[in-house]
Amino acid sequence: MQYVASSFIKPIITVVQDSNKNSEKNFWYIVAESSELKSKPIKRQILGELLVCFRDKDGKPVVFLDCCLHRSGQLSQGWVEDGALVCPYHGWKYDSGGHVCRVPSEGPESPLLKKSLKTKKILCKEEQGYIYVLLGEQSLGEPFRYPYFKQKNWATVRLKNFFHNNVTNCVENFIDIPHTVFVHDAIFRLEKGHKVEALVKRQNGQVHTSYKNETNNLGSFSWFLNPSGGEIKHIDIFFTPNITNVTYDFPNGWKYVITSQSVPVSNWQTMVYTDITYDFGFWTKLAWPIVKRQAQKVIDQDLRILKEQGENIKLFRRKFINTEADLIHELITELRDTLQEGEDPLGLPDKEVEISFFI
């Protein structure tokens, strides 16, 4: 899929007539980075489901429910032997298809082996350095394709962070401009009382925001990123159910793209995988450690503010009071709420609204 920042991207979700199929479990979620999955199994949780991930003898990723059929041992605490997974409790072994292929206490002629006992295998794919899983029975789309990944003259910083808040609040934060002048003061932006205008569109399960009048309010790095002070082309996109994509296109031809996938661990826990992909011309390779350090510093500040927000929401249960700038979040919340209710998010009406606010 070619990435086109100036227009709606081809929908990554499809319409399913059976409302029971319109479930969060029918989307692809990152379960691990490819580099994390080596010789040992690893434990993960998505949407409350406990999973175990390992590589078979051919190096392909395999994902099961993290529970042995025998006495519910955690398979993730076991080990891989000839491409098969061994439970640490009683040594039951599972081949890459999920079938029980050894029951040590009963020897090689165990009658249980003739029963074709099989644990639940989770569909998975490995793409662009990530391993994805599909927990549901029917896919509503394909794994997101990262723009400019490993393209010539581009570099990528890859980060992973655990947030104590839900997916909806995380994705809203990641494309929220007003908070940046307070939470990320100086690092990202400064409060200048500058009026920003934006065109917000909802279509095809996406919320697409194009900004106007953004120039050099980029905190301590304005001098480097946009020394001319010309207008920046800034576009934010939310993709149902959990992806945000932020693009800054500078007058000098440089680009800076932040893509985050917010994976629901549980109701109030979210693992966020973030790719910062950029082209700074001659400075691209040299800038890598600085980009990584500054990006993590910004994320650390969001970790704190979202943790505090989550604690207050659970305690006070107050509804939000929305400003004009929050229209973006309202449209995102509608998409996510519709999906969580088992309805089709593509059935929501298209919307196009111009907004303005001050930063």
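The values are calculated or read from the model by the stated rules, or taken from the named source; none is laboratory data. Predicted model only: the values in this text are computed from it and were never measured. Reconstructed Cβ throughout: ideal geometry from the backbone, glycine too, with neighbour counts over all protein chains shown. Protein only, heavy atoms only, side chains kept; ligands, DNA and RNA dropped before computing areas. Shrake-Rupley method; radii C 1.70, N 1.55, O 1.52, S 1.80 Å.
Using Cα-Cα distances under 8 Å and only pairs 6 or more residues apart, what relative contact order does the chain have, in percent?
20 percent
Just add up the charged neighbours of Glu324: K/R +1, D/E -1, any other residue whose Cβ is under 11 Å from the Cβ of Glu324.
Here the count lands on -4.
Within the range 223-265, list the residues whose amide N lies under 15 Å from a label point set 7 Å along Cα→Cβ of Lys125.
Counting backbone N atoms under 15 Å from the label point, the list is 241.
What does the charge count around Lys351 come to, taking other residues whose C-beta lies under 11 Å from its C-beta (Lys +1, Arg +1, Asp -1, Glu -1)?
Value of the local net charge: -2.
Please give the length that would be gained between Gln203 and Tyr89 if that part of the chain were fully extended, namely 0.36 nm times their separation in residues minus their C-alpha to C-alpha distance (nm, one decimal).
Residue separation times 0.36 nm, minus the Cα-Cα distance, leaves 36.0 nm.
Would you list which lysines come within 25 Å of Lys150, measuring only between C-alpha atoms, while excluding same-chain residues fewer than 8 positions from it?
Lys150 reaches Lys10, Lys38, Lys60, Lys125, Lys160, Lys233, Lys255, Lys285, Lys292, Lys297.
Please compute the length gained on full extension between Lys38 and Gln309, using 0.36 nm multiplied by the number of residues separating them and subtracting their Cα-Cα distance.
Using 0.36 nm per residue and subtracting the Cα-Cα distance, I get 93.9 nm.
Given a Förster distance of 35 Å, report the FRET efficiency between Phe358 and Asn153 from their Cβ-Cβ distance, rounded to the nearest 0.05.
0.45
Per residue, how many Å² of accessible area does the chain show with a 1.4 Å probe?
In whole numbers, the chain has 48 Å² accessible per residue.
If I model a spin label as a point 7 Å beyond the Cα along the Cα-Cβ vector, how far apart are those points for Phe224 and Asp337 in nm?
4.2 nm
Can you sort His208, His70 by 1.4 Å-probe accessible area, starting with the largest?
From most exposed to least exposed: His70, His208.
Run the simple label-point estimate for His164 and Asp300 please: 7 Å along Cα→C-beta, distance reported in nm.
Output for this residue pair reads 1.7 nm.
Given a Förster distance of 51 Å, report the FRET efficiency between Arg293 and Ser72 from their Cβ-Cβ distance, rounded to the nearest 0.05.
It comes out at approximately 0.75.
For every other residue with a beta carbon closer than 14 angstrom to the beta carbon of Asn173, add +1 if it is Lys or Arg and -1 if Asp or Glu, then tell me the sum.
Within the 14 Å Cβ shell, the charges total -4.
Show me the ranking of peptides 127-136, 77-86, 303-312, 106-115 by mean Cβ neighbours inside 10 Å, starting with the highest.
127-136, 77-86, 303-312, 106-115
Given a 1.4 angstrom probe, I'd like the percentage of the accessible area of the chain that is carbon and sulfur, rounded to a whole number.
Exposed carbon and sulfur together represent 51 percent of the surface.
How big is the chain by the Kirkwood estimate over distinct Cα pairs, in Å?
Computed over Cα pairs of the chain, the Kirkwood hydrodynamic radius comes out at 22.2 Å.
Given the protein chains as shown and a 1.4 Å probe, how many square angstrom of His194 are accessible, to the nearest 10?
We get 70 Å² for His194.
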